[in-house]
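What follows is a short report on a single structure.
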Amino acid sequence: MAGKSGRKKWVLAGKIFGGVLVFSALFLIFFPILFHNYIAEKVTDVTSDYLTTELRFKDTRATFFRHFPSLTLSMEDAEIMGSQPFSGEPVLKTETLVFSISLWRLLFTREVKIDEIDLDNARVSFMSDRFGRPNYLIFKTTTEDSDTSTSPSETIIALDRIRIQEADLSYEDRLRGIDISTRGFNYDGAGSFQNGNLQLGSRFEIDSVDVTFQDVEYLKNKHLTANISSLYNDNTVSLQFEKNDLQINELELSLTGGIDFDPDGYRYQVDIRTGGSHLKDIISLLPEQYVSWRDKAEVDGMIDANLHMSGLNNSRRDTLEESRIALEVDFRDGKLKYRDAPVPVEDIFIDFKGSLDNGLIEIEADTLSFIIAEDFSRGNIYMKGRKDSFDLKTRLHAQLNLHLLQETLKLPDINFGGHLNADITAEGVYDEKNSHFPITDAEFIVRDGSLQTSFPDPIEDITVDFLLENNNGGLDGTSI
């Protein structure tokens, strides 16, 4: 009897366990089918607490099987519309927008725990018109004096994973002439959204990047990878680069700083650094017209460089612009030779520091030197002041076979030749208003010179024999 009673208990337990499995399977299958419209409305309602613009989509699907135990909601042909005056155009357009959501928090609380967001074949278009009005003011702002107890949403979105595949991103600023476009944007990382702050951090890769500023192309079809940690604040429309390690083609860079936008312009502070990079990594950034030359050039040398840019760019004519740009370059053991050239340009050394701070120029180049065959060039220069008044101290010497230099470099769109000898020494103050000049002793000689540019006819038989002396800093002490 005891054995039969034990078997009955096991049979009953098995039936209960089987029933639970069947019920769970039916729940996982039919709950998303029966309630996916309700879930979609709930998600739309929550997103409306954050967005000032409309989220549109054609259809939805829900399943537990993609990211169990989270519920996965897929929105087909989804769009997030832009802010005024671009409300008729989407900021984001994607074939599929996927949310992996904690179902129980969504149904029974106002907290949204999103485990993952996926974007497939998305098109993201940021732009501002010629008056500086942007389309990306899509998040609702919060104020300190708002009553949080009655606010429409007290949700915090924590994103364990954001995945973007094969997206195209663009930024067009018609007021300032900035145009950035990317193709093949792939991102895999995490983030969070709270009180208008979007925190992102992880790695992304872009197949191709184009950057144009004031109709000048600075990057064209460049490959970019990055490890990023950035903060986007929609309340003040700002972007902070907390720690971003970039690689453009073969060049590795570190980017820190931030940009704050407002309707009248933008304030920025950006620092870009590279250390222990090779000259060939720098040359990989040259524009498309130099690709053929780059592939046939032999280059070597190490470079450390720091670039700082900061300032205020204001579109109102009655407001002054503030700006500072500073560059430090330490280049050593350089070597450059075009394929099949007889000799290289070698022993290239550059130690340079320069800045432009609201019109104040400061340049300090302790070393500028290179050797080609038996010829050499070396010098140093120090300058501080403004374009019409500055202190100057320089010593430059050049002895060059220009034809040999041309054969060694083979630069596109230019051809030159001749022999150059130059010795320049200058020290003192240049003051245009008071006709004051540095003490100068300069000799500049060119023999058998020639120059061919993009114009059809070359300039030939160039001869220059130039001597300049100034022994007292005034016009009366100057002889040419």
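Please indicate, with yes or no, whether at least one residue in the stretch 145-160 is open to solvent by 80 Å² or more (accessible area, probe 1.4 Å), at pLDDT below 75, over 29 Å from THR96 (Cβ atoms) and small (Gly, Ala, Ser). Within the stretch 145-160, one or more residues are open to solvent by 80 Å² or more (accessible area, probe 1.4 Å), at pLDDT below 75, over 29 Å from THR96 (Cβ atoms) and small (Gly, Ala, Ser). Restricting to the stretch 203-240, name every residue that is modelled with pLDDT of 65 or more, of a type outside the set (A, V, I, L, M), open to solvent by 40 Å² or more (accessible area, probe 1.4 Å) and outside any loop (DSSP other than H, G, I, E, B). The answer is ARG203, GLU205, ASP207, PHE213, GLU217, TYR218, LYS220, ASN221, HIS223, ASN227, GLN240. Filtering the stretch 429-457 to residues that are among the polar types (S, T, N, Q) and surrounded by fewer than 13 Cβ atoms within 10 Å (Cβ to Cβ) leaves ASN434, SER435, THR453, SER454. Within the stretch 380-392, can one find any residue that is more than 35 Å from the chain's Cα centre (by Cα), over 29 Å from SER292 (Cα atoms) and buried (at least 17 other Cβ atoms within 10 Å of the Cβ)? For the stretch 380-392, residues more than 35 Å from the chain's Cα centre (by Cα), over 29 Å from SER292 (Cα atoms) and buried (at least 17 other Cβ atoms within 10 Å of the Cβ): present. Is it the case that the stretch 129-140 has a residue that's open to solvent by 70 Å² or more (accessible area, probe 1.4 Å), modelled with pLDDT under 75 and not basic (Lys, Arg)? Within the stretch 129-140, not a single residue is open to solvent by 70 Å² or more (accessible area, probe 1.4 Å), modelled with pLDDT under 75 and not basic (Lys, Arg). From the list GLU469, GLU460, exactly one residue is under 24 Å from MET383 (Cβ atoms) and surrounded by 12 or more Cβ atoms within 10 Å (Cβ to Cβ). Which is it? Only one candidate qualifies: GLU469. Among the residues of the stretch 395-425, those that are surrounded by fewer than 19 Cβ atoms within 10 Å (Cβ to Cβ) and among the polar types (S, T, N, Q) comprise GLN399, ASN401, ASN415, ASN421, THR425.
Candidates ALA373, ALA365: the one that is surrounded by 16 or more Cβ atoms within 10 Å (Cβ to Cβ) and modelled with pLDDT under 95 is ALA365.
LYS337 satisfies every condition listed in (1) in contact (Cβ under 8 Å) with a residue 60 or more places away in the chain; (2) among the basic types (Lys, Arg); (3) open to solvent by 60 Å² or more (accessible area, probe 1.4 Å) except (3). How many residues are hydroxyl-bearing (Ser, Thr, Tyr) and in contact with a helix residue (DSSP H, G or I) (Cβ under 8 Å, 6 or more places away or on another chain) if we restrict to the stretch 326-367? Looking only at that region, the number is 1.
Apart from one condition, THR425 fits all of (1) out of contact with any His (no Cβ under 6 Å at 6 or more places or on another chain); (2) modelled with pLDDT under 95; the exception is (2).
The values are calculated or read from the model by the stated rules, or taken from the named source; none is laboratory data. In this text the structure is predicted, and so the values were computed from the model without any measurement. Methodologically, a virtual Cβ is constructed for each residue, glycine included, from the backbone with ideal geometry; neighbour enumeration extends over all protein chains shown. Ligands, DNA and RNA are excluded from the accessible area calculation, which covers all protein heavy atoms including side chains. Shrake-Rupley method; radii C 1.70, N 1.55, O 1.52, S 1.80 Å.
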